[in-house]
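Undergrad: Take a look at this one; I'll ask things after.
The values are calculated or read from the model by the stated rules, or taken from the named source; none is laboratory data. As the structure is a prediction and not an experimental result, all values here were calculated from the model. No Cβ is skipped: glycine too gets one built from the backbone with ideal geometry, and neighbour counts run over all protein chains shown. Calculation scope for accessible area: heavy atoms of the full protein, side chains included, ligands and nucleic acids excluded. Shrake-Rupley method; radii C 1.70, N 1.55, O 1.52, S 1.80 Å.
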Amino acid sequence: MVHEQSHSSDSKPDRTPPGDLGRQVMMRREQLGLSREQVAERAGSALGYIQYVEERQATPGIGFLLRLAQALETTVAELTGSTTELPPGIGRAGYHTQLLELGPQDCRRLLSTHGVGRIGVTRDDGPAILPVNYVVDGDRIAYRTAHNTLPATAADHPVAFEVDHIDEALSQGWSVLLVGTAATITDPEAARRLDELAYTTPWAGGPRNVWLTITPTRMTGRRIHVLKSHPAPAGGGPRGSST
């Protein structure tokens, strides 16, 4: 086991926002279901340094970053945020994949890890799908919007609500779909409780103080699991190219 710590500017990886590396490492570790001890063993590092990287503004050298990325089954670019502006879904598909059906318990667990989903509503001129901030409230999904908006028109109507996650590093991901009837929260105390439960105020800003809930009558989920990642293209061609 080795201690990896560097404070020189030369060892600082390019394009790593201060504090963001630790967040990426923690998120990736939790996605894989690994403990800090397991990551430390995989990376050949001290447990205390893995904790330091996750909780502090660490500036490790490239050697440690390479080992850490391998331990977390990802890339240095993913850990350091170099791919955050790339659109999802442009990576090469894995092979030996499985499409797994998720049970209600797994669906609820995955829903609780995210805060942005998409709601599908029906308008007079056809269906519309819109992103909303949401929170899990027991068996229900709750989202906040404003009066006279499309998400508000979902009240008392059947709707679909979808959340997904795409893992570009491993070319896998999951999605959860709920179907149910939306209802407006009219009790001020219940609305205040949801305000306190929410991760954040709505990203769209403005006075969005109308809470709606969806009690699912149907909940389904799917996960793409890659048993073996895709080999590098011959000749070092661009990502996603065919030969």
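Undergrad: Stretch residue 156-residue 51 to full length: gain in nm at 0.36 nm per residue minus the Cα-Cα span?
TA: Full extension from residue 156 to residue 51 adds 33.0 nm.
Undergrad: Between residue 62 and residue 98, what is the FRET efficiency for a Förster distance of 45 Å, r being their Cβ-Cβ separation, to the nearest 0.05?
TA: After rounding, the FRET efficiency stands at 0.85.
Undergrad: Something else: Using every Cα-Cα pair within the stretch 95-211, state what percent have a distance larger than 17 Å.
TA: Every Cα pair in the stretch 95-211 considered, those over 17 Å come to 58 percent.
Undergrad: Heads up, I need the accessible area for residue 37: 1.4 angstrom probe, whole protein in place, Å², nearest 10.
TA: Here the residue's solvent-accessible area equals roughly 100 Å².
Undergrad: Taking the Cα of residue 184, stepping 7 Å toward and past its beta carbon, and measuring to each backbone N in the stretch 127-148: which are under 11 Å?
TA: Inside the label zone: 146-148.
Undergrad: Relative to a virtual label point 7 Å from the Cα of residue 225 in the Cα→beta-carbon direction, which members of the stretch 161-196 show backbone nitrogen distances below 15 Å?
TA: Answer for this model: 172-175.
Undergrad: OK, next. Considering only protein heavy atoms, with the full assembly of protein chains and a 1.4 angstrom probe, order 134, 199, 52 by accessible area, largest first.
TA: Most to least solvent-accessible, the answer reads 199, 52, 134.
Undergrad: Relative contact order of the stretch 100-224: what whole-number percent is it, with Cα pairs under 8 angstrom and at least 6 residues apart?
TA: Relative contact order of the stretch 100-224: 33 percent.
Undergrad: Quick one: which residues, 5 or more positions from residue 180 or on another chain, have an amide H under 5 Å from its amide H? H modelled 1.01 Å from N in the peptide plane, none for Pro or chain starts.
TA: Placed amide hydrogens put 159, 217 under 5 Å from residue 180.
Undergrad: Quick one: 3J(HN,Hα) in Hz for the stretch 177-191, Karplus 6.51/-1.76/1.60 with θ = phi - 60°, rounded, Gly and Pro as x.
TA: The phi angles translate into 10, 10, 10, x, 10, 7, 9, 7, 7, 9, 7, x, 5, 5, 5 Hz.
Undergrad: Which distance in nm do the two modelled labels at residue 37 and residue 191 give, with both placed 7 Å along the Cα-to-Cβ direction?
TA: About 4.9 nm separates the two model spin labels.
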